[in-house]
Amino acid sequence: SMAACLVALLSTGFHDVVFTPLENPLRAVKWVAPLVWCFAAFCFQSVMLHEATLLYVLNHSTATEGVLVDVGHDILGNKVVPMKVLDLISFSAMSCFFFGCALIRDLRLWVKVFLCCGFLFFWKGLLDYITDLPDSGGWHTCEKRLGPSGVQYFEGFRDLHGSAYWSRLMDMEFHGVDGKWPVRYCSDMILSGHTFVMFLFLLGCADLTRKLRLLMPGVPMRVAEVLVNVAVICCVCTDLYLIVVNHFHYTVDVVLAIVMTLLFYTNAGIAILTDWWVEKWEDTDDKRYTKDNGSIWLPPLLLPCCAFQGFYTVMRKQRRDVREAFKANLPKEVLEFVDDEYTFSDTSEEEDDWASEGQPQEHSEKSQEEEEEESCYSP
């Protein structure tokens, strides 16, 4: 039963947490390293967002007055939403994924989600710094958010250069301003961090639930999968409404965060990198060696591709096969210019170590339940 399975997972969980670093240090590193990458990317984002805040504080007098025109702001109006509510939504999604994935010990999903999260942190920080947009709440909201001491501290960067500039910035990062840490941001518009964190970890929960249903088919798990999918949609809509109505972000920041999260989560490069990290240096005789060949889940929310939802496998193809496939689609008039004598050198066909160890080279059909045909409307 599900209850007995849960008890068994909990009973072995303590053993894995305590003894895995001793019995299998490599496996422990593979669990910890994605967290380290995600934390490093978050620190980079924090520095870049404070750089964006600095630009906004120093240039707000010459910047466009007010905020950018936003249809979402005009339609929903402006209401005060406590920041703790937005933080609670994101933290709850992260906690559900953290507990569920660790409980099942799904290392592959763990690595994939935290890789995506790190990349999203990195790009948010970089994009916000590259283009300094007016804060969606206006300059007066920024002043209130930073406080008099915060505004004064940022204005103190004026005319600072070199080591003096970076020393002052790092002091703020580690110690805060006037006893307040961490220091808030202004003008951190492009990509809503609350949205992509919440949505990414909810996608991980939905992915995990879908896999568990394949292992334990039946009404309870099917109901659980439907409930998780409904929860994802409700949380996304609630998050979008609360952030836009609070004027914490422009509407495009929230929508773009949702799109970017989906694109990263379903990205072939992320899947291949995840597969490489999980299987690298592993013993192929290990019972938990599960070569996945870059598995990708296309969720129902991936519009307009929802009709193709399901699990897919990314396959690495030889350049010779790519050439022959491309050649087969060329018009006859072009084929006479194709060099049939062209041959590939041995070095051009060399594969990476991880790819040559059982990596299939041929196209694979879609992997999904044989008994049901998926559609846009299936959960």
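On the full set of protein chains, 1.4 Å probe, figure out the accessible area of residue 122 and give it in Å² to the nearest 10.
Number for this one is 70 Å².
Which pairs break 22 Å Cα to Cα here: 30/84; 124/280; 124/317; 84/180; 84/112; 84/144?
From the list (30/84; 124/280; 124/317; 84/180; 84/112; 84/144), the Cα-Cα distance tops 22 Å for 30/84; 124/280; 124/317; 84/112.
Just subtract the alpha-carbon distance of residue 69 and residue 88 from 0.36 nm times their residue separation and send over the number in nm, one decimal.
Using 0.36 nm per residue and subtracting the Cα-Cα distance, I get 4.0 nm.
Measure off 7 Å from each Cα along the Cα-to-Cβ vector at residue 29 and residue 224, then give the distance between these two points in nanometres to one decimal.
3.4 nm
Which order do the peptides 100-112, 182-194 come out in when sorted by mean C-beta neighbours inside 10 angstrom, highest first?
182-194, 100-112
Using modelled backbone amide H atoms (1.01 Å from N, in-plane), which distant-in-sequence or interchain residues come within less than 5 Å of residue 310's amide H?
298
Please compute, for the alpha-carbon atoms of the range 56-195, the extent along each of the three principal axes and give them in descending order in Å.
That works out to 53, 45, 28 Å along the principal axes.
Within a Cβ distance under 12 Å of residue 254, other residues only, what is the Lys/Arg minus Asp/Glu net charge?
-3
Using 7 Å Cα-to-Cβ label points, what is the residue 276/residue 169 separation (nm, one decimal)?
3.0 nm
Which of the peptides 158-165, 308-315, 250-257, 66-73 is most tightly packed, and how do the rest follow, going by the mean number of other Cβ atoms within 10 Å of each residue?
250-257, 308-315, 66-73, 158-165
Please say if the range 25-114 is rounded, prolate or oblate, where rounded means a/c under 1.5 for a ≥ b ≥ c the square roots of the C-alpha gyration tensor eigenvalues, and otherwise the choice is prolate for a/b larger than b/c and oblate otherwise?
Judged from the Cα gyration tensor, the range 25-114 comes out oblate (a/c at least 1.5, b/c at or above a/b).
Enumerate the amide H contacts of residue 246 below 5 Å, restricted to partners 5 or more residues apart or on another chain; note that Pro and chain-start residues carry no placed amide H.
Placed amide hydrogens put 79 under 5 Å from residue 246.
So between residue 314 and residue 215, what do we pick up on full extension, going 0.36 nm a residue minus the alpha carbon distance?
My answer for the length gained is 33.4 nm.
Using only the heavy atoms of the protein chains and a 1.4 Å probe, how would 297, 277, 123, 181 rank by accessible area, largest first?
181, 123, 277, 297
The values are calculated or read from the model by the stated rules, or taken from the named source; none is laboratory data. No experiment lies behind these values; they were computed from the predicted model shown. Every residue, glycine among them, receives a Cβ derived from its backbone with ideal geometry; neighbour counts consider all protein chains shown. With ligands, DNA and RNA removed, areas are computed over all heavy atoms of the protein, side chains included. Shrake-Rupley method; radii C 1.70, N 1.55, O 1.52, S 1.80 Å.
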